[in-house]
Each structure stands twice: as C-alpha cells, then as structure tokens.
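Trainee: Below is one structure. I have some questions about it.
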Amino acid sequence: MAEKLTSEKVAELGRRAKSVRRNIVSMVTAAKSGHPGGSLSAADILVTLYFAVMKVDPNAPADPERDRFVLSKGHAAPVLYATLAEKGFLPQEELVTLRKIDSRLQGHPDMKGIPGVDMSTGSLGQGLSAANGMALAGRLDGRPYRVYALLGDGELEEGQVWEAAMFAAHYKLDNLTAFVDYNGLQIDGPVSEVMSPLPIPEKWRAFGWNVIEIDGHDYNAIYDAVQAAKTVKGQPTMIVARTVKGKGVSGMENIADWHGKAPTQEECNLFLSELCD
Amino acid sequence: MGKATREAYGEALKELGARCRDIVVLDADLSKSTKTNVFGKAYPDRFFNVGIAEQNLMGTAAGLAAAGKIPVVSTFAMFAAGRAFEQVRNSICYPKLNVKIAATHAGLTVGEDGASHQAIEDISLMRTIPNMTVIVPADATETRQALAWAIEYKGPVYLRLGRASVPDVFGDGYEFHHGKAVQLAEGADLTIVATGIMVGPARQAADELIQSGLSARVLNIHTIKPIDREAIAKAATDTGAVVTCEEHSIIGGLGSAVAEALVESHPVPMERVGVMDTFGESGTPDALLAKYNLTVADVVRAAKRVVARKR
C-alpha cells in the first residue's frame, strides 16, 4: 500500500492553505493589482507539494539535490510567494511588498531575487520546457530529485506547451510531474468559449503522458496522485486537477473577473473574515 | 578558402565536450547543418534533438542551465533569434541563465534557401536584450576561441555563425579577447570596422585604398555586445571617419552599435555597409553579396564617400 496522509497532516494542510489564502488576498489588496483568482485555485496543490511532498529546505534553497517547482502560470505568483513564506523561505511581513518598487516580489516570479523560486516565469507556455530541462539534468547527473510544474488550463492554448509535452514523453521524463490547474476560466471568459483546450486529459494521454484526474482541493487526492506518479516508469505524469477559480473566498469563486483584479480594502476585510481559523 | 564558421564550431564543440562534462547540446532537427551532429556522435548521452520546436529548445536549455548544466543550443539564426526571441528573452536572459546559443546560417550567405531563411536582423534582436552577450566570429580560428570563451563565461551568449566557407583571417598565434576590437591594419585617413564574414573584404578594401592614396585602419569587432567603445572612440579621434561592414541589416547591427558609441564619444562622418533595409532572395552566396552591395568594391566606395565628408 502506498503511503497515505494522516488525518493530522490533512488538518495541518487545511490550516496552512487558509493562511496562504489570507496572504494572497492581503498581498493583492496591498499591491492594488495582481491575480487572486488563479492563485486561490492553486493554493491546495502548492501547500500539499511544499508541506507533504517536496524535499526542500529553506536553509538550503540552492541545494542541488532539492526537488524543483516551476510555476508555469507565473501570474499566480502570490500563491507561490505566500507558500514560500509559509515554508520559511521568506519573511511573512515581506509579502505586502508584492509588485512595489524595489521589492524582490515581482509581479511574476524572478528566480534571481527570491530563494526557493526555481524558475522565472510569467510569459505563459514556457515553464514546462524549463521543467523538462531540470528533469533531464537530474537524470544526467544521477540525482534522484523530482521536478514539479503547474500549468493553467488557459495556458494550454500556448503552442510551446505541446512542444514541451512531446519532449517529456519522447525522453521518458518519469521524474517530472505536472499539474493543470483546471479552473475553467481565463481572462476573457470560460476556456471552453475563448479557445477550447478541451478535452484536457485525452490530449495529454495522446501526447504520451500518464494522466491522473483529481479534485484539486482534496489534499488526499493530490497526495495520492503525486505518490502514484512516483511509481510510473518511462512516462511523465500530468495531474489534471479540477479546481475552482477564487476557491475559499465565496465572493470570488467561479468569477472570471477575479482573474486579474485586486479587491478594495472593504472587499478584502470581508474576504478575510471568511478565511479565519 | 578556409572553413565555414559552423564547421569550426562543430569540431570545437566536440573537443570542448571531452574536457567539460557539463556541456549538453540541443538541436532542433538541423544537427547535420549546424554541425552539432559531430558532438552528438561523440557524446550521444549528452546530445538531445528536440525536433522542430525552437521555443521548447530554448526553454529546455534554460531548465538545464537552472540545474547547473552548460547547454549549448543550435539551430538556424532565423529560428534562434526570430522564432524563439521571447523564450530567449524571458526564459534565458531575464534569469541570466548559462545558455550558449550558437546560431548558424546567419545572413544572406545562407544562399539558395532565400529570404525566409536569411537572418539579417538577429544581431539587432539579440543585442537589445539585457544580460545577453553577442559574438560574431570572422573565421574558423576565432570561432573556436570564442566558443571556448563562451563555455567558461557564466551567462547567456549568442554566437553568430555562417553557412558558407570564409577565408582564414587569423593564424595560429591569434588570441581572442572578449569585448576587445582586433586591429588588423593601421591607417590615418579612416577606420573600417567589420564583423563576421565582412572582415576579409574590409581588409582587402584597405589594401585597395592605398592605390587611391588613402590609408585605412581596420578593426575586427567580434564582440558586438558589449562593444569596445574605447577602440571606436580612439579610431574616430585618430582617423576622423568610420565605415562599418556587416552581413546584416544596416538597422540595429554593428553599424548601429558603432554609431551609438560614436555619437556619445567622438562623432565623425560614418558610412554603413550592410543590407539596406530589404529582404534577400535565392542565389549563390557570392551573387547575393554582389547584388546586396557587400563586396570589397562597396567598402572601397563607402570609404571614399566618408573621407569626402571629412572637413
């Protein structure tokens, strides 16, 4: 039997995800711009990876043996920064400097400035290629680390994603596990209406990937899928995670407008009251 | 006739691969043309064909570099600098990752394939990106040494290579110094600044100008970025006129880089020999160079024009 999350761990992940979500709402509000919707949808995936899966150490952020994470949907930078702060890579107080002049916390992740950010991203479609390169390097160097990447569903409209999809399967990168944050919405509306990338699981299967479909807000499901991916040989794994854009904040859930809009201070206060412990 | 710079690159890459185990070579289905197949045959475990997918070529290289490898990627200049421009900018140069882009088949001398494959904008595109170093070797010897330098250097490098054979400019005693112009002839009346395959014609033009009573200093600028501003200012001060020569658009390449350096230091009359804001076409390399005004005679004419403008 594969290892399972304990109920204590699930409770811890829930607490941490709530804290991450509070920080996402607060930091985007303070920045007066940013992308809360797609940050909130990915929060449970990142928290599970950083607190139950990945071998990373805030005291050794450049350790060549560490697991890697590439946030290909770089506009969800707030969830990455909030998770890194939760993990101890960054001071919590720094989060409110997001997007402000002289801050390390750029609008999209800049690996040069922030310990724990493994790749600079933001221009959509480029992250999976970088993750491929890291996975290939791990194999060449005989290092057992694993590489994780998170893509948006709208991002799948970028052609480079499919170049990278072919590469990972062709070179049998089984040390690579990627997620699609399948929240169904992009800036201009539902992905199915703007430019349908559907059906998503079938596309990845056709490109030679091992595909697992889960509820992207279920910690046990996320964890089990990641563990299952580790046992697959000769194939990269794509975890298609069904999520809710704006998850955890009822006033934001499933509303495309919250893709790239900051709450007012009043809205922020209301949203935070929902995210109390 | 010497070797094409791509030939020298392929051989040098294999030699460097023996010494440096961190070198990983990627190509996009052009390894027979770019000559990375020489490395690929010697080190198949460190050679990866990504297929016809230049965006993923650059992105994968970025990831390899982020994990400590030294990726060297090759495709034609059109696709390296053009097709994958934004991956080069955002995935490689913005994080200043240690990726070496050796782009072959640059300029008009691609020849018969025609304008779709003749990159005459790549120097311009690559030198505008922060953190990027741009090098255009003149011959086989300079190519070998520039590549060796690029492997030692930590950061992105764009190495511009050609398809056609070029005469040897440098002998065995040549030493490549990154960012430093190489003076090939001394002269008092003007300076001819050239890069890549135009270095040979520039030197020949200087020889011919002697018959017209003009002595020309000749500078080979292999490093377009960072450019040797000191050598350019000194040439302007000493000779009072400058001609630039490049197998590239007159917009944004060596001519522009030299003009930028001149106007900020010691402005003097200047003429640019290059492709005049037009696309190329199919033809032999020699026929193309003749039709698009990139011959010794064109350099001589530009030299006489610029000297006439001196007061």
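The values are calculated or read from the model by the stated rules, or taken from the named source; none is laboratory data. It should be emphasised that the depicted structure is a prediction, and the values quoted were computed from it without experimental measurement. Here Cβ is always computed from backbone atoms with ideal geometry, including for glycine, and neighbour counts include all displayed protein chains.
Trainee: Quick one: count up the residues across the range A:195-250 that are touching a residue at least 60 places away in the same chain (Cβ under 8 Å) and closer than 18 Å to A:Met54 by Cβ.
Mentor: The number of residues fulfilling the criteria is 16.
Trainee: Further, regarding this structure: Across the range A:41-84, which residue is nearest to A:Lys4 (Cα to Cα) among those that are surrounded by fewer than 24 Cβ atoms within 10 Å (Cβ to Cβ) and of a type in the set (D, E, K, R)?
Mentor: A:Lys55
Trainee: Can you pull out every residue in the range B:1-50 that is assigned to a loop (DSSP other than H, G, I, E, B) and either aliphatic (A, V, I, L, M) or touching a residue at least 60 places away in the same chain (Cβ under 8 Å) (or both)?
Mentor: B:Met1, B:Gly2, B:Lys3, B:Cys20, B:Ala28, B:Leu30, B:Lys35, B:Val50
One line per residue, one yes/no per condition, for (1) of a type in the set (Lys, Arg); (2) touching a residue at least 60 places away in the same chain (Cβ under 8 Å); (3) farther than 14 Å from B:Lys304 by Cβ:
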{"position": "B:Ala181", "(1), (2), (3)": "no, no, yes"}
{"position": "B:Glu186", "(1), (2), (3)": "no, no, yes"}
{"position": "B:Leu190", "(1), (2), (3)": "no, yes, no"}
{"position": "B:Val193", "(1), (2), (3)": "no, yes, yes"}
{"position": "B:Gly196", "(1), (2), (3)": "no, yes, yes"}
{"position": "B:Val199", "(1), (2), (3)": "no, yes, yes"}
{"position": "B:Gln204", "(1), (2), (3)": "no, yes, yes"}
{"position": "B:Leu214", "(1), (2), (3)": "no, yes, no"}
{"position": "B:Leu219", "(1), (2), (3)": "no, no, yes"}
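Trainee: Does any residue of the range B:284-299 turn out to be under 20 Å from B:Val182 (Cα atoms), surrounded by 17 or more Cβ atoms within 10 Å (Cβ to Cβ), in contact (Cβ under 8 Å) with a residue 24 or more places away in the chain and outside the structural domain of B:Ile123 (by TED's automatic domain parsing)?
Mentor: Scanning the range B:284-299 turns up at least one residue that is under 20 Å from B:Val182 (Cα atoms), surrounded by 17 or more Cβ atoms within 10 Å (Cβ to Cβ), in contact (Cβ under 8 Å) with a residue 24 or more places away in the chain and outside the structural domain of B:Ile123 (by TED's automatic domain parsing).
Trainee: Would you say B:Asp277 is at positive phi, in contact with a strand residue (DSSP E or B) (Cβ under 8 Å, 6 or more places away or on another chain) and in contact (Cβ under 8 Å) with a residue 12 or more places away in the chain?
Mentor: Values: at positive phi: yes; in contact with a strand residue (DSSP E or B) (Cβ under 8 Å, 6 or more places away or on another chain): yes; in contact (Cβ under 8 Å) with a residue 12 or more places away in the chain: yes.
Answer is yes for this residue.
Trainee: Just to be sure I understand, how many residues within the range A:96-138 are hydrophobic (A, V, I, L, M, F, W, C), surrounded by fewer than 24 Cβ atoms within 10 Å (Cβ to Cβ) and either touching a helix residue (DSSP H, G or I) at 6+ places or on another chain (Cβ under 8 Å) or within 11 Å of chain B (Cβ to nearest Cβ) (or both)?
Mentor: Filtering the range A:96-138 down to residues hydrophobic (A, V, I, L, M, F, W, C) leaves A:96, A:98, A:101, A:105, A:111, A:114, A:117, A:119, A:124, A:128, A:130-131, A:134-137.
Add one more test, that the residue is surrounded by fewer than 24 Cβ atoms within 10 Å (Cβ to Cβ), and what stays is A:96, A:101, A:111, A:114, A:124.
Checking the rest, the ones that are also either touching a helix residue (DSSP H, G or I) at 6+ places or on another chain (Cβ under 8 Å) or within 11 Å of chain B (Cβ to nearest Cβ) (or both) come to A:96, A:111, A:114, A:124.
Looking only at that region, the number is 4.
Trainee: May I ask you to say which residue of B:Leu30, B:Leu26 is under 21 Å from B:Ile197 (Cβ atoms) and touching a Phe, Trp or Tyr at 6+ places or on another chain (Cβ under 8 Å)?
Mentor: On inspection, the qualifying residue turns out to be B:Leu30.
Trainee: Turning to a different aspect of this structure: Is at least one residue of the range A:145-155 touching a residue at least 24 places away in the same chain (Cβ under 8 Å), part of a helix (DSSP H, G or I), under 15 Å from B:Thr60 (Cβ atoms) and more than 8 Å from every other protein chain (Cβ to nearest Cβ)?
Mentor: Pass one, the range A:145-155, residues touching a residue at least 24 places away in the same chain (Cβ under 8 Å): A:145-155.
This time we only want the ones that are part of a helix (DSSP H, G or I), so: A:154-155.
Next, only the ones that are under 15 Å from B:Thr60 (Cβ atoms) stay: none.
No; the residues of the range A:145-155 include none that is touching a residue at least 24 places away in the same chain (Cβ under 8 Å), part of a helix (DSSP H, G or I), under 15 Å from B:Thr60 (Cβ atoms) and more than 8 Å from every other protein chain (Cβ to nearest Cβ).
Trainee: Between a residue in the range A:65-85 that is closer than 16 Å to A:Val161 by Cα and any residue that is surrounded by fewer than 24 Cβ atoms within 10 Å (Cβ to Cβ), which pairs come within a Cβ distance under 7 Å, given they are 6 or more apart or on different chains?
Mentor: A:Lys73/A:Leu124; A:Gly74/A:His108; A:Gly74/A:Gly122
Trainee: Next up: Looking only at the range B:63-82, count how many residues are within 11 Å of chain A (Cβ to nearest Cβ) and either touching a His at 6+ places or on another chain (Cβ under 8 Å) or assigned to a helix (DSSP H, G or I) (or both). Reasoning before the result, please.
Mentor: If we filter the range B:63-82 for residues that are within 11 Å of chain A (Cβ to nearest Cβ), which is where we start, we get B:63-71, B:73.
With either touching a His at 6+ places or on another chain (Cβ under 8 Å) or assigned to a helix (DSSP H, G or I) (or both) added as a condition, the list becomes B:63-66.
Count: 4.
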